[in-house]
Every structure is written in structure tokens, then in C-alpha cells.
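Peer 1: My structure is below; once you've seen it, I'll send some questions.
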Amino acid sequence: MCYPIDFPLSHESGVLMAANKIIELKNISLVFPGVRALDGVDLSIEEGEIHILLGENGAGKSSLVKTLCGVYTQTGGTMLMDGKEYAPRNPLTAINSGIRVVYQEFNLLPYLSIAENIFFEKLPKKGCLVDFKKLYSDAAAIMAKVGLDKVSPKTLVEMLGVAQMQLVEIAKALSGHSRILILDEPTATLMPDEINTLFELLMKLKAEGVSIIYISHRLNEIFRIGDRVTVLRNGQLVATKKASELDIPSIVKMMVGRNMESEYPFDESVTPSSPLLEVKNLIYQGNPHPKSFTLRKGEILGIAGLVGSGRTETMRALFGADTKAAGQIFLNGEELHITSPKNAVEKGICLLTEDRKQQGLILEMSCVENTTITDLKSVSFRGFLNREKETEATEKQISEMNIKTPGINQKTLHLSGGNQQKILIGKWLYRDSEVFIFDEPTRGIDVGAKYEIYLLLWKLASMGRGIIMVSSDLPELLGVCHRILVFSDGKITGELDRKEFDPESILKLSYSEYLNA
Amino acid sequence: MTSKITENTRWRSLINVFLKEVGIGVVLLVLVVAFSLAAPRFFSVLNVSNIFTQISINTVIAVGMTFVILLGGIDLSVGSVLALCSIIAGKALTNPSLPFGTAIVLAVTLSIASGMLIGFFNGFISETWKIHSFIVTLGMLNIARGLALQISHSRTIFNFPQIFKDFGTTTYFEVFPAIFLIALALVVIGTIILRKTVFGRMIFAIGNNEESVRLSGHNVKFYKVMAYTICGGTVGIATIMYMLRMGIASPILGVGFELNAIAAVVIGGTSMSGGKGSLIGTFLGASIMGVLNNGLLLIGMGDFARQIVTGAIIILAVILDTYRNKLSAKFNA
């Protein structure tokens, strides 16, 4: 039942006699410890359709794709392929069944040729040597199909531009008998004319009967290529509809959902006072748009926007984490010259990074060592550590933050995600700062721990600290913040006070720069 | 309830210490017992004292090397730097216009200072231009050797003051040579630095996750450069010990010393990728190498065969170490 794409199907340009379902997902659930990534999702993919998968960051798109291609195994529900049960044990079985994924981050080997990359999994052989003649001619055939005919198959991948690399990825995905091609944010890094070329290719593939699952943040693309649209929210299916029946406002409404307020504490008694941190014309390397904003004492300022919209980069620039940032930063009216995180920390600004395992915690070290690292001066005398003071300080954080650990000497590696996050927050509370920047503080942790973290933000606010919270969880920002700044494609596109909060307008603002593209 | 937990954790930490440190000690013990049985002379006072002398210099260099390897770096220049330091110290020591006391103080100071200076350069260059220390110290290996040959006109310096040579041959309580006590003192001081000070905490933390330490508001470069400087300093000390023991300074000293030091550190269980290890381990690693060398000689093994066995033991020790780590991880899971 698998059609190699070299043999076009008999139907004309994607018009099918009857919708032939290639794959059907029924009631799929995927549960990780503490997180319900997918919750009873139904989805069907028809032959030769372009199916758009939409949802906010963390809505479950990636989890769904990874379940389809055998990276994860669902904890509930069944998948059918051509009416028969489909249970890929690993990515290879999925590939053999004809499901190929082109991820946002390319998996190409830069120092090998295009041809070698395309056929990397199955190099043609002559005896025990690689049959390079066949390799190059096969590669040239596939490259012609995807429109990569201007370069030689012998070219090294490192010489290619992003758009061409993407085509190599697609060619690689088509090298077998692909029936379903999954594209994760394929246009994120492409120029408009490159996008046009890509879309032409997708329409051609569709005409040949290949089904395409297309994930994108750029809502306007839906109407250019999409046949059907599926929206996910919080791991649940919102709806699957024909693209022709939808418009942008209705899609946004489906993505955001409502009625989330009660999960979030909001303390009316805490009101922001005088300006604490003023950022003027901040520029970081790779982004020419100057950004200015103010944070007041006792304020929780939310930063909304899509992944890659420059939220994290701006915060890192403010903290001095990356070199080459320009602009002025004032703390309590005094100008700071921040050139390194050391500077920033000494002046009273701290940053809780989004990636707690790589950049936050030292996983191989204990709770104590992770907690006191921000201020070793206060637990040492003339350079010698005072173990008792360290223990005391750590125990205080652990009990105040309700961290569950078998002991303070436990390696943080062995703690759960929520407790790791609390240790990370605890280490910055231990060194008292004036400005706390939290980048995705609640990502990947369970609801209970989330609530405790919100309460903590409010405690800090009531003490007159300034808090910046970057989050991809829109309801969370709406529920917790005094004010929200919206980032879109490297610019600040909006600023909303609490009374103006409206999920639709925030989502529109976060997409605004992409819509114009 | 709480006391039970603390007792439990105490037991756990004891077993942990056993898995981490004592594992390598058992290897040493087995070797000592085996050689004592095979060669009766092995455990004599004279021979034990001999072994102590033989391992001292390697131990001291390996102490410095441990700091660098804990950061995930390496210092290949130590052998050549030892030769260079010996020439500088030797010139000062044999300067006829200086009284003995002044000459000795000057020689020791210059040796340590030059070692530290070269270590500083190693660290500074590697950190400023983000070049792996393997390359930087490989270059320095050649530079220091060339400098030593140039300054000395490739001549050996001897005729050191008598007091200097006397101290070099002094043995306390019949078994403890003076230079061994220096080595032991450095192991103890190094252990205190690594375990009890802010600096030591930073070394381990940077070795484990440099980015996290940087984002916690620390000047990572300072600590890294300091570790290389310390390594150079220990080479300076080792140089003086070498001169005390041999009574010469020569531009061709120390060839291959870097490999012995690295072997001692690795046998001692310090991870080449950094962040994990101890100076007690390093000391035991140097001891194992010394005991092997001495013991194999005593049972009549030839030079070539000894090299083969020593090499095999280095590899075996590291294989053993991976098992030890797995066991330790399983125990903690």
C-alpha cells in the first residue's frame, strides 16, 4: 500500500475521488510525570492534504508529532494506519511506514555532501564500498524534484544557505517512500521568495499524493496552503475545521480559550510605585530594533510573544549575559554599565534562565552548593566556607519554598522538575536582588508547583521588588501580571495595562510582525 | 524520624566516600601486599623511603594538574616548565656574588614565580581567545623547552650550596624524606583549598557547568586563570624538589612528566571532562604509579616490560573507575 513518490498517483492535482484516510489517531493521551502533554486527542490525516497544526507554545503540537513519528509512545488511545493498528516502536519504524519529519533545527551533517546527507541512512553500495556514481545520480533526481537543481550533489552542506538546507532536509525526507511529511515551522527562517518556492514544492508534493502536516506560527500561511486546520490547547483538541471556513480572529479565539482566571492569584493590595528599572533603546547583537521599557517597584511585568520573538535575548542583554549589547539601563535613576552577569548581579538584577538544566542548576552538585552559589561571601570568612552557615541558609530556603528533597546534600539531578525550579528560584532569593527576571519560570512543572511560584512572585512584589516574567503561557501572564509587553519578531509591538488585558489583542500583537511579513 | 534519616544519610555518605575514594586505595593495597610477598625487600624501611622519594615530584605536579583537569582543561607544558624553572633557579643558586641564604631564597622564589607566570599565560591565552588548553599548553611545552635550552646554552648547572644538597637528602624518622613531606603538605593544603574554600567550590562548579556559574554572577575567567597559575606554581615547587634531590639543573629535565602527572590524576578518579575528583585520589594515583615502578623493578622486570605493565595499569584503572561510577550512580538513584 506504500506508493513511492517517483510514481505519481492516478488522480489529478490533489483532487481526490474520496477522502482516503491514511492515518487516524483516536483518543491519544501522553502523560509524563507531572505533565499531561496530550489529553484524548483525535486527528485524521487524509491522503494528499495539507493539514495545519496550530496551538500556542506548549499546547501539545510537538508531543503529537513526536508520538506520530515514534519518539514517544502514547500512554492511552490508538493510532491506525490504513485502518490497521500503527504502533511505531522507534523513529526508524515510523520512517519505514512512510512518516518523515523535518524539524525546526536541522539534523544535517555540515561537512558531508548534499548527496551523502540525503541518503545518509541508506547509502547505495557496491560491494562494501559506497557507490558514489549511483549516490550522486539518485541525489540529483531527488534534488531536481524539490527544486534544488542549481547546486551539485557533491556540494558540502555547510556551504548552503538556510533555505537550501531546508530543501536538503525535505529531499532527505522524500528519499524513501514518504507518505506523510511533517514540517515544523519551516518558514521561520525563510525569506518571502524562499517561502513561495517552498509552498510551490508543497503543492506539487500534495498533487503527488503526499500528505503534509504543517506546523506554523504564521497564521496567514494557513489560507495560502492549508486544506484543514487542527487547533490544540493545553494538550486537548479544540477543533478540526476546513481552512476555508476560518478566519484569523476565529482561529485566535480557538487557540487562546477562556476561563483561566481562577487558577492565578492576583493581589489587589500590591500596587506598583516609583520606577525601579528603566531600559532605554536596548539593542543586542543580531537585532536592530531598540527597545525601551520601565519596571516599577512592586510590579509584575509580563513579557508575551512567540518563541524566537526576542524576549529571551532582550532579557539576556539586559543581564549582560551575551556580549555586544548597547543602550542605557537605569536602576533607581542611576545609570548602570552592565558588561557581564557579575555586574548585573552585584547591582541587584538577577535572571532565572529558561533552560534550568543547562544554564541554571549545576545538576551534579547538591542543593546546598546550588543555593549558596549566588552569594558565597555571606557563608564564608576570608575565603573559607562555613558549612554550618551554608546548611542553615539552604534549610531556610528549602522549608520556606516547600522544596521536597531527601536531604540538602542531594544532587539536584535527582529532584523533580518543580523542585529543581524551586531550588533555582531559591538560589536567587538567597541573594536578595531588586529586579528579578524570570524566563519561563513555570515551564514543564505541575499545577501545584506553579501556584506556589505565583505566590512567591507576589511575595516579592509586596516587598517592593520589581519582577519581569517572560512566559509563553498566555493565561498565566493574564492572570498574574500588572502589565504586559508584547514582543513580535524582535520588536515590542504592544504594552497593555491590566484593565486592557485581552487574550485576542495580545495574540494579535504577538503575531503582528509575522502577518506583515 | 529525623535522626533515622540523618543516620541513613551518614551511612550513605560513608558508602559514597568508599566508592569514590577508597576504591582506588584498595588497588594500592593489593599492589603493596602482592609486591611484599613477591619481593621481601619491598617493604624494607629503605625501599619504602625510596618509593616516597620517587613519588614526591610527580605528586606535587599532579596536585596542580588536578586543579586544571577539574576545570576540564589540561596542562601539557609542566615537564618543559620544570626544565625552564630549574635553569632560572639554578642560575640564582650558583650566583657567586650572593651569600648562600639569599641565593637559596631567591632560587625558590624565582622558580615558583616563573612557574606561576607561565601558568598564568597558559590560562590567560586559553581563556581570552577561547583556545583549548591542550593546544595552548602544547605550544608552551615547546616555548619553555626552547627558552630553557637558550638561557642555559644547553648546559647543565650543578655545584649547588652544600646546605641545599643536605636538605635534599634529609630523612625524618628514617622513612620520610624531606621532599615527601613537602609533597604531603601540598596535598593537604590543596585538599583544604578544594574542599573548604570559595575558590575550591568555584573550581568544582565551573568544571560541572561553566555557563550556570557565569550566569550566577561569577567571573569564571578569573578562577580558570588562577587554576592554571596554581598548576604552574606547583611545577615551580616540584622544580626545587627535583634540584634538592638530584643536585642539578638542566634544560633537558622533565621530559614526559606531564604524562605521569595526568596519569596520576586520572588513576585517582578525576574526570577528564572536569567537575569531579579529589587530591586524595591524585595522591593515591601517584602512589600506585610509584609502587608499580618500584615493585616491578624489585621482582626483576626489565625496563621495557615495566612500561608495558604501567601502561596497562593506567587503562585498567580508568576502566575500573567507570564501573565504580556506575555503582555509585546506582546506589544514589
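Peer 1: Is there a residue in the range B:242-249 that is assigned to a loop (DSSP other than H, G, I, E, B), more than 18 Å from B:Asp75 (Cβ to Cβ) and either touching a residue at least 24 places away in the same chain (Cβ under 8 Å) or more than 14 Å from chain A (Cβ to nearest Cβ) (or both)?
Peer 2: Checking the range B:242-249: at least one residue is assigned to a loop (DSSP other than H, G, I, E, B), more than 18 Å from B:Asp75 (Cβ to Cβ) and either touching a residue at least 24 places away in the same chain (Cβ under 8 Å) or more than 14 Å from chain A (Cβ to nearest Cβ) (or both).
Peer 1: Just give me the residues in the range B:126-166 being in contact with a Gly (Cβ under 6 Å, 6 or more places away or on another chain) and in a helix (DSSP H, G or I), in sequence order.
Peer 2: B:Ser133, B:Lys165
Peer 1: Looking at the range A:332-343, I want the residues that are facing chain B (nearest Cβ under 8 Å) and have a partner that is assigned to a helix (DSSP H, G or I) and modelled with pLDDT of 90 or more with Cβ atoms under 6 Å, at least 6 apart or on another chain. Which pairs are those?
Peer 2: Every condition considered, the pairs that remain are A:Pro341/A:Phe319; A:Pro341/B:Arg214; A:Pro341/B:Leu215.
Peer 1: Determine the pairs where a residue that is buried (at least 18 other Cβ atoms within 10 Å of the Cβ), located within the range B:21-44, has a partner that is outside any helix (DSSP H, G or I) with Cβ atoms under 9 Å apart, the partner being 6 or more residues away or on another chain.
Peer 2: Pairs that qualify, where the first residue is buried (at least 18 other Cβ atoms within 10 Å of the Cβ) and the partner is outside any helix (DSSP H, G or I), are B:Gly23/B:Gly269; B:Ile24/B:Gly268; B:Ile24/B:Gly269; B:Phe35/B:Ile299; B:Ala39/B:Ile299; B:Ala39/B:Gly300; B:Phe42/B:Ile299.
Peer 1: Mind listing just one residue for me: the one in the range A:273-305 that is hydroxyl-bearing (Ser, Thr, Tyr) and under 22 Å from A:Gly320 (Cβ atoms) and, of those, surrounded by the most Cβ atoms within 10 Å (Cβ to Cβ)?
Peer 2: So the residue we want is A:Tyr284.
Peer 1: Quick check: anything in the range A:486-495 more than 20 Å from A:Tyr284 (Cα to Cα), in contact with a Phe, Trp or Tyr (Cβ under 7 Å, 6 or more places away or on another chain) and of a type outside the set (Gly, Ala, Ser)?
Peer 2: No, the range A:486-495 has no match at all.
Peer 1: Here is a list of conditions, (1) hydroxyl-bearing (Ser, Thr, Tyr); (2) closer than 30 Å to A:Leu413 by Cα; (3) at pLDDT 90 or above, and B:Ser328 meets all of them except one; can you say which number that is?
Peer 2: Of (1) hydroxyl-bearing (Ser, Thr, Tyr); (2) closer than 30 Å to A:Leu413 by Cα; (3) at pLDDT 90 or above, only one is false for B:Ser328: (3).
Peer 1: Another one. Taking helices (runs of 4 or more DSSP H) that fall entirely within the range A:102-217, which contain at least 3 residues that are under 26 Å from A:Asp82 (Cα atoms)?
Peer 2: Where helices (runs of 4 or more DSSP H) fall fully within the range A:102-217 and carry at least 3 residues being under 26 Å from A:Asp82 (Cα atoms), they are A:162-174, A:192-207.
This table checks each residue for (1) more than 14 Å from chain A (Cβ to nearest Cβ); (2) under 19 Å from B:Ser56 (Cβ atoms); (3) touching a residue at least 60 places away in the same chain (Cβ under 8 Å).
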{"residue": "B:Phe283", "(1), (2), (3)": "yes, yes, yes"}
{"residue": "B:Ile288", "(1), (2), (3)": "yes, yes, yes"}
{"residue": "B:Val291", "(1), (2), (3)": "yes, yes, yes"}
{"residue": "B:Ala317", "(1), (2), (3)": "yes, no, yes"}
{"residue": "B:Tyr323", "(1), (2), (3)": "yes, no, no"}
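Here is a yes/no grid of residues against (1) outside any helix (DSSP H, G or I); (2) within 14 Å of chain A (Cβ to nearest Cβ); (3) modelled with pLDDT of 95 or more:
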{"position": "B:Gly168", "(1), (2), (3)": "no, no, no"}
{"position": "B:Leu184", "(1), (2), (3)": "no, no, yes"}
{"position": "B:Ile189", "(1), (2), (3)": "no, yes, yes"}
{"position": "B:Ile192", "(1), (2), (3)": "no, yes, yes"}
{"position": "B:Arg201", "(1), (2), (3)": "no, yes, yes"}
{"position": "B:Ala205", "(1), (2), (3)": "no, yes, yes"}
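Peer 1: Can A:Ile373 be described as within 8 Å of chain B (Cβ to nearest Cβ) and within 18 Å of A:Gly426 (Cβ to Cβ)?
Peer 2: Spelling it out, A:Ile373 is indeed within 8 Å of chain B (Cβ to nearest Cβ) and within 18 Å of A:Gly426 (Cβ to Cβ).
Peer 1: Considering only the range A:345-367, state which residues are among the aliphatic types (A, V, I, L, M) and either within 7 Å of chain B (Cβ to nearest Cβ) or under 19 Å from B:Leu70 (Cβ atoms) (or both).
Peer 2: Within the range A:345-367, A:Val345, A:Leu351, A:Leu361, A:Ile362, A:Leu363, A:Met365 meet the criteria.
Peer 1: Moving on. In the range A:352-377, how many are in a loop (DSSP other than H, G, I, E, B), surrounded by 21 or more Cβ atoms within 10 Å (Cβ to Cβ) and among the charged types (D, E, K, R)?
Peer 2: Final tally of qualifying residues: 1.
Peer 1: Quick check on A:Gly310: is it more than 14 Å from chain B (Cβ to nearest Cβ), touching a Gly at 6+ places or on another chain (Cβ under 7 Å) and under 20 Å from A:Pro288 (Cβ atoms)?
Peer 2: Spelling it out, A:Gly310 is indeed more than 14 Å from chain B (Cβ to nearest Cβ), touching a Gly at 6+ places or on another chain (Cβ under 7 Å) and under 20 Å from A:Pro288 (Cβ atoms).
The rows are residues; the columns are (1) over 19 Å from the mean Cα position of the chain (by Cα); (2) at positive phi; (3) surrounded by 21 or more Cβ atoms within 10 Å (Cβ to Cβ).
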residue	(1), (2), (3)
A:Met469	no, no, yes
A:Pro475	no, no, no
A:His482	yes, no, no
A:Gly490	no, yes, no
A:Glu495	yes, no, no
A:Glu504	yes, no, no
A:Lys508	no, no, no
A:Glu513	no, no, no
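Peer 1: Further question on the same structure: If you check every pair at least six apart or on different chains, which have Cβ atoms under 6 Å apart with a residue in the range B:211-224 that is at the interface with chain A (Cβ under 7 Å from one of its Cβ atoms) and within 17 Å of A:Arg431 (Cα to Cα) first and a residue that is among the charged types (D, E, K, R) and surrounded by fewer than 23 Cβ atoms within 10 Å (Cβ to Cβ) second?
Peer 2: What qualifies is B:Gly217/A:Lys342; B:Asn219/A:Lys342.
Peer 1: If a residue must be more than 14 Å from chain A (Cβ to nearest Cβ), of a type outside the set (Gly, Ala, Ser) and under 13 Å from the mean Cα position of the chain (by Cα), how many such residues does the range B:250-280 contain?
Peer 2: Of all residues in the range B:250-280, those more than 14 Å from chain A (Cβ to nearest Cβ) come to B:250-269, B:272, B:278-280.
Going one step further and asking which of them are of a type outside the set (Gly, Ala, Ser), we end up with B:251-253, B:255, B:257-260, B:262, B:265-267, B:272, B:279-280.
With the extra rule that they be under 13 Å from the mean Cα position of the chain (by Cα), the set shrinks to B:257-260, B:262, B:265-267, B:279-280.
So the answer is 10.
Peer 1: Under 8 Å between Cβ atoms, at least 6 apart or on separate chains: pull out the pairs that start in the range A:357-385 with a residue that is within 17 Å of A:Lys396 (Cβ to Cβ) and end on any residue that is in a strand (DSSP E or B) and basic (Lys, Arg).
Peer 2: That search, which allows pairs on different chains as well, returns A:Ser366/A:Lys411.
Peer 1: Only one of A:Lys241, A:Lys253 is touching a strand residue (DSSP E or B) at 6+ places or on another chain (Cβ under 6 Å) and either surrounded by 14 or more Cβ atoms within 10 Å (Cβ to Cβ) or not in a loop (DSSP other than H, G, I, E, B) (or both); which? Even if it seems obvious, please write down each step before you answer.
Peer 2: Numbers: A:Lys253 fails: touching a strand residue (DSSP E or B) at 6+ places or on another chain (Cβ under 6 Å).
Just one listed residue meets the conditions, A:Lys241.
Peer 1: Further, regarding this structure: Check the range A:291-310 and report whether any residue there is aliphatic (A, V, I, L, M), over 24 Å from the mean Cα position of the chain (by Cα) and under 23 Å from A:Gly494 (Cα atoms). Outline the logic, then answer.
Peer 2: Restricting attention to the range A:291-310, the residues satisfying the condition of being aliphatic (A, V, I, L, M) are A:295, A:300-301, A:303-304, A:306-307.
Next, from what is left, pick out any that are over 24 Å from the mean Cα position of the chain (by Cα): A:295.
With under 23 Å from A:Gly494 (Cα atoms) added as a condition, the list becomes A:295.
Yes - at least one qualifying residue is present in the range A:291-310.
Peer 1: Scan (1) surrounded by fewer than 16 Cβ atoms within 10 Å (Cβ to Cβ); (2) hydroxyl-bearing (Ser, Thr, Tyr); (3) in a helix (DSSP H, G or I) for the single condition B:Thr282 breaks and write down its number.
Peer 2: Only one criterion in (1) surrounded by fewer than 16 Cβ atoms within 10 Å (Cβ to Cβ); (2) hydroxyl-bearing (Ser, Thr, Tyr); (3) in a helix (DSSP H, G or I) is unmet by B:Thr282, namely (1).
Peer 1: Among (1) in a helix (DSSP H, G or I); (2) surrounded by fewer than 23 Cβ atoms within 10 Å (Cβ to Cβ), there is one condition A:Thr314 misses while meeting the rest; what is its number?
Peer 2: With (1) in a helix (DSSP H, G or I); (2) surrounded by fewer than 23 Cβ atoms within 10 Å (Cβ to Cβ) applied to A:Thr314, the lone miss is (2).
Peer 1: Of all residues in the range B:89-119, which are surrounded by 24 or more Cβ atoms within 10 Å (Cβ to Cβ), within 19 Å of B:Lys165 (Cα to Cα) and among the aliphatic types (A, V, I, L, M)?
Peer 2: B:Ala89, B:Leu93, B:Ala107, listed by residue number.
Peer 1: Within the range A:138-167, which residues are of a type in the set (Gly, Ala, Ser) and in contact with a helix residue (DSSP H, G or I) (Cβ under 9 Å, 6 or more places away or on another chain)?
Peer 2: Within the range A:138-167, A:Ala139, A:Ala140, A:Gly147, A:Ser152, A:Gly161, A:Ala163 qualify.
Peer 1: Filter the range A:151-171 down to the residues that are touching a residue at least 60 places away in the same chain (Cβ under 8 Å) and not hydrophobic (A, V, I, L, M, F, W, C) and list them by number.
Peer 2: Across the range A:151-171, the qualifying residues are A:Gln166, A:Glu169.
Peer 1: Can I ask one more? Does A:Glu388 count as assigned to a helix (DSSP H, G or I), away from chain B (no Cβ under 14 Å), without any contact (Cβ under 8 Å) to a residue 12 or more places away in the chain and surrounded by fewer than 19 Cβ atoms within 10 Å (Cβ to Cβ)?
Peer 2: no
The values are calculated or read from the model by the stated rules, or taken from the named source; none is laboratory data. Just so it is clear, the model here is predicted, and its values are computed rather than measured. All Cβ positions, glycine included, derive from the backbone under ideal geometry; neighbour counts span all protein chains shown.
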